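*Asks:* Here you go, one structure.
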Amino acid sequence: MTEQTPLLGGQVVISKPALQQLFDALRTAGYSLIGPTVREDAIVYDEIAQLTDIPIGWADEQAPGTYRLRRRDDQAHFGFVVGPHSWKRYLSPPSLRLFATRRTGDGFSVETSNDPPPRYAFIGVRACDLVAIAVQDRVFVEGPVQEPHYKARRERAFVLAVNCTEPGGTCFCASMRTGPRCSSGFDLALTELDDAFLCEVGSALGAQMLSAVEWRPAGAFELSRARQAMADALTRMGRGLNTHNLPELLYDNLEHPHWANVAERCLSCANCTMVCPTCFCSDVQETSDLVGETAARVRVWDSCFNREFSYVFGGHLRPNTRARYRQWLTHKLASWTDQYGVLGCVGCGRCITWCPVGIDLTQELAAIRGEGQL
Amino acid sequence: MNSTLAKGHWSPATGHPMVPQPAVITHVQPEAHGVMTYTLGFRDPAVGEAYRFHPGQFNMLYLPGIGEAAISISSDPAEPAALRHTVRIAGNVTQAISRMEAGGVIGVRGPYGNSWPVDRAVGNDLIIVAGGIGLAPLRPVIYHVLRHRADYGKVTILNGARLPADLLYPQEYDDWRSHDIEVVVTVDRADETWKGRVGVVPILFYALRPDPKRTTVFTCGPEIMMHFVVYEALARRVPKDRIYLSLERNMKCAVAFCGRCQYGPTFLCKDGPVLSYDRIEPFFTVEEF
Amino acid sequence: MEPRSLAEVLRSAQLFWGLEPQHLEKLAAIASEVTWTEGQVIFREGEADDRLYLVVEGLVALEMYIPNRGRATILTAGPHEVFGWSAAVPVVGKKTASARSLQRTRAIAIDAGALCAACEQDHHLGYYVYRTLADVIASRLTATRLQLLDVYAVGKGE
Amino acid sequence: MADAVEIAYFVEARRQVLPGPYDVTLVEGSITTEEEIERIKEVRRQSGLLVTIGACATSGGIQALRNWADVGEFTRTVYASPEYIHTLDRSRPVSDFVPVDFELRGCPISKQQLVDLVTSLLIGRKPSVPEHAVCNECKRHGTVCVMVAQGIPCLGPATQAGCGAICPAYNRGCYGCFGPMELPNPAALGARFIAMGQTARDVSRAFRSFNGYSAAFRAASEQFEKDAIPR
């Protein structure tokens, strides 16, 4: 163990096996570790215990509508990008009971949960996803009303970020200016080098956790190698998205014929919205026992691609895929900026990879812009 | 964005953003076929004490086992203790509410949304245009005007309904008229006993010669009706930022988390339901938006 | 009410307020004032079309009689509104609806034949009058469409 | 549930039969004979609410496969005395003959949906039966998409949710047991299957299973069948 605590903003080097010491320290501090692991032919986020649970020596190959795992010829610990899951699964779960009611003699009583919220340590958060979390922060905690469940999870979370040195085939964070380098929003951020990690300290909590880990100050050599790796990554993005005047472009093209073109291919299946790390829309459903003695309200993930989402008295506002895809893309890339001051897209590429028919928003947008295929 | 709108009145009086407070129905007033007004009193006196609302705001009404619905407040903002909602049977929740009687308990959370900018309209002539149940969220404005009549110039209420029996609050029109308010009423379909006007609400504008420099229009009703109210107002040169509409979309959360009530850049539960026409013009006639 | 010339009354009616004085005088010359008590039949469907009316005060119902169903009010015309316009658009040549006063009503009646002749003679006046009538007819059409939509009908439910 | 609901007619579970009319009737099975047409009309007359449950009742079922074949040939092949077999040439859903108030899809139906339906009817709320794609359920569960990650053809993106998305959780593509979702696009999904290496005939057969006779799947299966014939 080292004597001193690394400085906030400082860079240190830790050996690859020493990452286990950080995992142990986090577990000792009461965190559940959530990180990448191989399951169902993909790299998902799940509860992990050991360093060996993460996909060491695995890579993912991504293209519109396809995702394949392959073995790497090295033992890279984070030699892959983002998979079908995002951290919203843990911060804003797919299904959450908001409260329950019980019938009483004079009406009903309301019961809210007193369980302490989970304390998560997120392992391997990429730059795009750090921005995505910041985007959801604007939705759930930085608005006039705070969402208590999200807020509690978020405040208690520890974030171990990882800089992307090998962007994937559907990545376009560089054009969204959200990556590949992690700039803020983490406690610790790793850059994977051949034989060690360069670790940047992003918070006092991060520094404190490092005190249980063997580290040494970073030398000029490691810093320059990490810089070079990031610079290389920038040039290897799978695709790009032209963000110039996006809101105006979309607001001016609400009747563009290309929306009908997308609608011929789009399945309206909601996959893009479910894998998107910023999409936050939800439904609230009522459940009860057979006679209504007890009831509960449950919030579940929902999507603007589902008809019920646009229900108004007497009908549905967006009866077809043309209207739904337009709503989704216009929200992501135009009205989001009016609502939250930032774009709703972070360039993670999930919606491209996980669309069963491989619809690529960067290409659809280029078509709207009149630029044809990028 | 236009900043002249009344800001959303956040921090709902009922506390937790998603959890309702039980309230007791103290009175049920049948209004028209399938429409009733419920007077509610919070069971927790502290909640009742703290509860305030502005004209045009709404509450989420909850029935355990059934669900929740957004319902406008239709009573006098100066008397928050007599909280009234005029409910039209349109779905699950309103159907279940219609089966309730005095003494029944309903969950309430709110108030949510922004309000009709009655302060910005001080010194103006007011044209209040309502269709059907749309008069309910405008009635708090009328009560406000009755209490502050000297603050406003000429006040005209144009009110329409499908049938004479569907007209809301007819017993109050004489009181409104006694405060120097012109109340013009029309119906779409009349029987032989009806001696009043027949025709849709926007045609009531034909007789109006508003002074564009000092006129504010508030309208609430079926969306297609509001389209033509806007066109009539614009034809009379009422400025776009002085034509206010109350829009309706489905709401599940009322606190801008569920995403359902988006109308372009706005969340109707937070930035609305009252929006000035200049803010929504680009989207107003886009189909399936 | 203080007595006003027909031209003044015509001018104060929204319909002709932009008209030049000499044209207003021409209209006044072929116009006359009429009043009806409550419930009076003004004209019946199928009658020859000879006058159109501008309501000054009161309310007039335009009705159609549907065999087996009885009388139905299609629309009402109040102050500043025109009815009986079909007289100036002499395709049908007969009134297409019946008109009945719902209250004591005062109106200005304009002789349709004379109006057509005046417009023939003075195309400037003719353009103004027919543009105004086109406005009236267009508004009626829009209002009728909205009425057809039955905008207050309750939908299918939640 | 037993206290709140009186079962009046369910010969498999209870021998006693109570006379109609009934508040709610749940109907299983498709309509395949003349007698059944008359019977379902009588059931409709006796029932306040008529709910069809299962793929057979809602879309004609797997036996609707015969709708694309010669029934006479089947009966001659299968039965020793085909002259005693009286059957319609097509198997059709109940809604082709009488108005249906509500449908519970699936082969089999979801127990949870059935309980929710009965609860909703008792309490007076709208049953919370989703009409969106199975993909919503996979994603909520965290199931990795078998189509994207493994190249397995899956009808999930065109199929109505409600089953719990069981098959993809076991590395199988969805078979479409719950029938078409509210706004299916089987043409685009089938085109993707072909791009993944399937033949048009495979795609036609994929849509032609438990709900093959539902309008959307039927049109798709017939179109891909046509595409399979070399021109």
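*Asks:* Which ones in region C:20-71 are more than 23 Å from C:Ala143 (Cα to Cα), within 12 Å of chain B (Cβ to nearest Cβ) and assigned to a strand (DSSP E or B)?
*Replies:* none
*Asks:* Mind checking which residues of region D:28-48 are in contact with a Gly (Cβ under 9 Å, 6 or more places away or on another chain) and within 20 Å of D:Val118 (Cβ to Cβ)?
*Replies:* D:Glu28, D:Gly29, D:Val43, D:Gln46, D:Ser47
*Asks:* Any idea which of (1) within 11 Å of another protein chain (Cβ to nearest Cβ); (2) under 22 Å from A:Cys281 (Cα atoms); (3) crowded, with 18+ Cβ neighbours inside 10 Å is the one A:Leu96 doesn't satisfy?
*Replies:* Every condition holds for A:Leu96 apart from (3).
*Asks:* Which condition number does B:Glu232 fail, the rest of (1) crowded, with 22+ Cβ neighbours inside 10 Å; (2) outside any loop (DSSP other than H, G, I, E, B); (3) in contact with a Ser or Thr (Cβ under 7 Å, 6 or more places away or on another chain) being met?
*Replies:* (3)
*Asks:* Being under 20 Å from the mean Cα position of the chain (by Cα) and either farther than 25 Å from A:Cys173 by Cβ or away from chain D (no Cβ under 11 Å) (or both) is true for just one of A:Ile34, A:Ile56. Which residue is that?
*Replies:* Details: A:Ile56 fails: under 20 Å from the mean Cα position of the chain (by Cα).
The unique qualifying residue is A:Ile34.
*Asks:* Suppose the filter is touching a residue at least 40 places away in the same chain (Cβ under 8 Å), closer than 23 Å to C:Ile74 by Cβ and either more than 14 Å from chain A (Cβ to nearest Cβ) or loosely packed, with under 15 Cβ neighbours inside 10 Å (or both); does C:Arg145 pass it?
*Replies:* Values: touching a residue at least 40 places away in the same chain (Cβ under 8 Å): no; closer than 23 Å to C:Ile74 by Cβ: yes; either more than 14 Å from chain A (Cβ to nearest Cβ) or loosely packed, with under 15 Cβ neighbours inside 10 Å (or both): yes.
Criteria not met by C:Arg145.
*Asks:* Give region B:209-222 a look and list any residue that's surrounded by 17 or more Cβ atoms within 10 Å (Cβ to Cβ) and either within 9 Å of chain C (Cβ to nearest Cβ) or part of a helix (DSSP H, G or I) (or both), or say none. Let's see the steps before the verdict.
*Replies:* Here is the first cut: in region B:209-222, the ones surrounded by 17 or more Cβ atoms within 10 Å (Cβ to Cβ) are B:210, B:215-222.
Hits for region B:209-222 are B:Gly221, B:Pro222.
*Asks:* State which residue pairs qualify: first residue modelled with pLDDT of 95 or more and inside region D:129-144, second residue surrounded by fewer than 18 Cβ atoms within 10 Å (Cβ to Cβ) and hydrophobic (A, V, I, L, M, F, W, C) in any location, beta carbons under 6 Å apart, and separation of 6 or more residues or different chains.
*Replies:* D:Thr143/D:Ala169
*Asks:* Could you look through region D:121-141, keep only residues that are at the interface with chain A (Cβ under 7 Å from one of its Cβ atoms) and in a helix (DSSP H, G or I), and pick out the one that is surrounded by the most Cβ atoms within 10 Å (Cβ to Cβ)?
*Replies:* At the first step, the residues of region D:121-141 found to be at the interface with chain A (Cβ under 7 Å from one of its Cβ atoms) are D:122-123, D:125, D:128, D:131-133, D:135-136, D:139-140.
Pick out the ones that are also in a helix (DSSP H, G or I) and you get D:122-123, D:135-136, D:139-140.
Working: D:Leu122: 18, D:Ile123: 21, D:Cys135: 34, D:Asn136: 27, D:Lys139: 26, D:Arg140: 18.
Result: D:Cys135.
*Asks:* Just checking: which of the helices (runs of 4 or more DSSP H) contained wholly in region D:9-85 hold 2 or more residues that are of a type in the set (Lys, Arg)?
*Replies:* On the way: elements: D:34-46, D:55-59, D:71-78.
Where helices (runs of 4 or more DSSP H) fall fully within region D:9-85 and carry at least 2 residues being of a type in the set (Lys, Arg), they are D:34-46.
*Asks:* Within region D:38-94, restricting attention to residues that are in contact (Cβ under 8 Å) with a residue 60 or more places away in the chain and among the β-branched types (Val, Ile, Thr), which residue is surrounded by the fewest Cβ atoms within 10 Å (Cβ to Cβ)?
*Replies:* D:Ile62
Listed here are the residues, each with its yes/no results for (1) over 24 Å from B:Tyr173 (Cβ atoms); (2) touching a Pro at 6+ places or on another chain (Cβ under 9 Å); (3) within 12 Å of another protein chain (Cβ to nearest Cβ).
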residue	(1), (2), (3)
B:His33	no, no, yes
B:Thr39	no, no, no
B:Ala90	yes, no, yes
B:Gly104	yes, no, yes
B:Arg109	yes, yes, yes
B:Trp116	no, yes, no
B:Arg120	yes, no, no
B:Gly131	no, yes, yes
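*Asks:* Quickly run through region D:150-180 and pick out the residues that are at the interface with another protein chain (Cβ under 8 Å from one of its Cβ atoms) and either crowded, with 24+ Cβ neighbours inside 10 Å or within 23 Å of A:Gly315 (Cα to Cα) (or both).
*Replies:* Initially, region D:150-180 is screened for residues at the interface with another protein chain (Cβ under 8 Å from one of its Cβ atoms), giving D:150-151, D:154, D:156-158, D:171.
Answer for region D:150-180, where residues must be at the interface with another protein chain (Cβ under 8 Å from one of its Cβ atoms) and either crowded, with 24+ Cβ neighbours inside 10 Å or within 23 Å of A:Gly315 (Cα to Cα) (or both): D:Cys154, D:Gly156, D:Pro157, D:Ala158.
*Asks:* Collect the residues in region B:245-289 that are more than 10 Å from chain A (Cβ to nearest Cβ) and hydroxyl-bearing (Ser, Thr, Tyr), keeping them in residue-number order.
*Replies:* Hits for region B:245-289 are B:Ser246, B:Ser276, B:Tyr277, B:Thr285.
*Asks:* Read through the list (1) of a type in the set (S, T, N, Q); (2) more than 12 Å from chain B (Cβ to nearest Cβ); (3) closer than 27 Å to B:Trp194 by Cα; (4) assigned to a strand (DSSP E or B), then give the number of the only condition that C:Thr76 fails.
*Replies:* Answer for C:Thr76: the failing condition is (2).
*Asks:* Name, by its number, the condition in (1) under 15 Å from B:Asp278 (Cα atoms); (2) in a helix (DSSP H, G or I); (3) touching a strand residue (DSSP E or B) at 6+ places or on another chain (Cβ under 8 Å) that does not hold for B:Ile203.
*Replies:* Failing condition for B:Ile203: (1).
*Asks:* Further question: Is there a residue being surrounded by fewer than 19 Cβ atoms within 10 Å (Cβ to Cβ), of a type outside the set (D, E, K, R) and assigned to a helix (DSSP H, G or I) anywhere in region A:27-34? I'd like the intermediate steps shown before the answer.
*Replies:* Quick first cut of region A:27-34, residues surrounded by fewer than 19 Cβ atoms within 10 Å (Cβ to Cβ) only: A:27-30, A:32.
Adding the requirement that they be of a type outside the set (D, E, K, R) leaves A:28-30, A:32.
Among the residues that remain, those that are also assigned to a helix (DSSP H, G or I) are: A:28.
Yes, region A:27-34 contains at least one residue that is surrounded by fewer than 19 Cβ atoms within 10 Å (Cβ to Cβ), of a type outside the set (D, E, K, R) and assigned to a helix (DSSP H, G or I).
Okay, residues lined up against (1) modelled with pLDDT under 95; (2) surrounded by fewer than 18 Cβ atoms within 10 Å (Cβ to Cβ); (3) of a type in the set (D, E, K, R); (4) out of contact with any Asp or Glu (no Cβ under 6 Å at 6 or more places or on another chain):
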{"residue": "A:Asp53", "(1), (2), (3), (4)": "no, yes, yes, yes"}
{"residue": "A:Ala59", "(1), (2), (3), (4)": "no, no, no, yes"}
{"residue": "A:Gly65", "(1), (2), (3), (4)": "no, no, no, yes"}
{"residue": "A:Phe78", "(1), (2), (3), (4)": "no, no, no, no"}
{"residue": "A:Val82", "(1), (2), (3), (4)": "no, no, no, yes"}
{"residue": "A:Val145", "(1), (2), (3), (4)": "yes, no, no, yes"}
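The values are calculated or read from the model by the stated rules, or taken from the named source; none is laboratory data. No experiment lies behind these values; they were computed from the predicted model shown. Positions of Cβ are generated from backbone atoms using ideal geometry, with glycine treated the same way; all protein chains shown enter the neighbour counts.
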